[in-house]
Amino acid sequence: MQDTPTQRAMLALRLPELPLALALSDAYAERFAAAPPLIAREKEEGNRRTLDTPSASFSVALSPGPIPWAELEGPCQTAWHWPHATRKMKAHAAHLQISASSSSLGPIDLLLSLTRVVAAAALITPAVGIYWPGATQVHDVKSFVGEALNASREQLPLYLWLRFGLAREDDGSTSLYTTGLAAFNLMEVELPHSQLDPQTLVDRAFNISHYLVDRGPVLEDGQTIGISADEKFEIRHAPSMWDAQRRVYSLKAQPQ
């Protein structure tokens, strides 16, 4: 199996503190006892810690400055799930860069492992938030850890891995777009000009994204997918509403 691309996350810190590798390993073991063990390498490396599971390697590096605000401003402003994102993330002073790599795990299992390591690091550091670059998404620490503790192959934590962006349209409808499905070699999902309320729209996009991540690129152009007995969407492989150079799964509700 070819190497799965390295996956990354950033942990925003109130103070520039790098945890000991053994402390991180212990926190991981306490919270994720059923997961493959996380073993600290014997040698500590200055501003970097390196740990391994049987199938993956993890790097935890301390950056003494904050994550550039130009990278965080947009995700914070659109974080409907975390109203205090801007205030919390603007106040951080340093950050941990946490990366995961593997030559045997696929994207799902590698991201599950990375999610657990990030959650363990958040529990033993002065963390104020998490930035998930692949989805341009920010998260509150408590919510992230709670999702990580319940995550599994059957219950993927897509709210952590994907951004479900909402845009209010001039005609009163709402459009939704995802960011982050590229990590699974999938096109993003869009539901343009929907009459569904925003929460229902997010729920539908979550379910469709979960189906794609679990099964791969199985939704064909022109196919119809049923969310329930009385709700179906037509699928088109179409240019994105926001970037005509990029193709997406564009879904439109079908009248019943």
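Looking at the chain, what % of its DSSP beta bridges pair antiparallel, to the nearest 5?
Counting only bridges with both partners in the chain, antiparallel ones make up about 95 percent.
To the nearest 500 deg cm²/dmol, what mean residue ellipticity at 222 nm is calculated for the chain from DSSP H runs of n ≥ 4 alone, each contributing -39,500 (n - 2.57), summed and divided by the residues?
That calculation yields -9000 deg cm²/dmol at 222 nm.
What's the carbon and sulfur percent of the chain's accessible surface, probe 1.4 angstrom, rounded to a whole number?
C and S fraction of accessible area: 49 percent.
Please report the base-10 log of the normalised intensity I(q)/I(0) for the stretch 150-256, using a Debye sum with one equal scatterer per alpha carbon and no solvent, at each q in 0.11, 0.17, 0.21 (1/Å).
-0.31, -0.77, -1.21
Residue by residue, what Karplus-based ³J(HN,Hα) values in Hz, rounded to whole numbers, does the stretch 176-187 have, using 6.51, -1.76 and 1.60 with θ = phi - 60° and x for Gly and Pro?
10, 9, 9, 9, x, 5, 4, 4, 10, 6, 10, 6
Counting alpha carbon pairs within less than 8 Å and at least 6 residues apart, what relative contact order, in whole percent, applies to the chain?
Working: 504 pairs, mean separation 43.8, N = 256.
Result for the chain is 17 percent.
Please determine, in degrees from 0 to 90 and to the nearest 10, the orientation of helix 198-215 with respect to the longest principal axis defined by the Cα atoms of the chain, where the helix direction is its Cα long axis.
On a 0 to 90 degree scale, this one is about 70.
How far is helix 107-123 tilted off the main Cα axis of the chain, in degrees rounded to 10, range 0 to 90?
Taking the Cα atoms of the chain, the angle to 107-123 is about 50 degrees.
Calculated from the structure, percent of Cα pairs over 31 Å apart equals which of (i) 48; (ii) 18; (iii) 28?
(iii)
In whole Hz and in residue order, list the ³J(HN,Hα) couplings for the stretch 88-99 that follow from phi through the Karplus curve 6.51 cos²θ - 1.76 cosθ + 1.60, θ = phi - 60°; x for Gly and Pro.
Here the 3J(HN,Hα) series is 5, 6, 5, 8, 6, 10, 7, 7, 9, 9, 10, 10 Hz.
Can you list the HN-Hα couplings for the stretch 139-144, worked out from phi with the Karplus curve (6.51, -1.76, 1.60; θ = phi - 60°), rounded to whole Hz and with x for Gly and Pro?
Values per residue, Gly and Pro as x: 9, 5, 4, 4, 5, 4 Hz.
What is the ratio of the Cα radius of gyration of the stretch 66-178 to 2.2 N^0.38 Å, with N the residue count, to two decimals?
Details: Rg = 14.9 Å, N = 113, 2.2 N^0.38 = 13.3 Å.
That ratio works out to 1.12.
Relative contact order of the stretch 48-195, please, whole-number percent, based on alpha carbon pairs below 8 angstrom and at least 6 residues apart.
Taking the mean separation of contacting Cα pairs over the length of the stretch 48-195, I get 18 percent.
If you find the alpha carbon centre of the stretch 10-89 and of the stretch 212-256, how far apart are they in angstrom?
35
The values are calculated or read from the model by the stated rules, or taken from the named source; none is laboratory data. Since we're looking at a predicted model, the values are computed, not measured. With ligands, DNA and RNA removed, areas are computed over all heavy atoms of the protein, side chains included. Shrake-Rupley method; radii C 1.70, N 1.55, O 1.52, S 1.80 Å.
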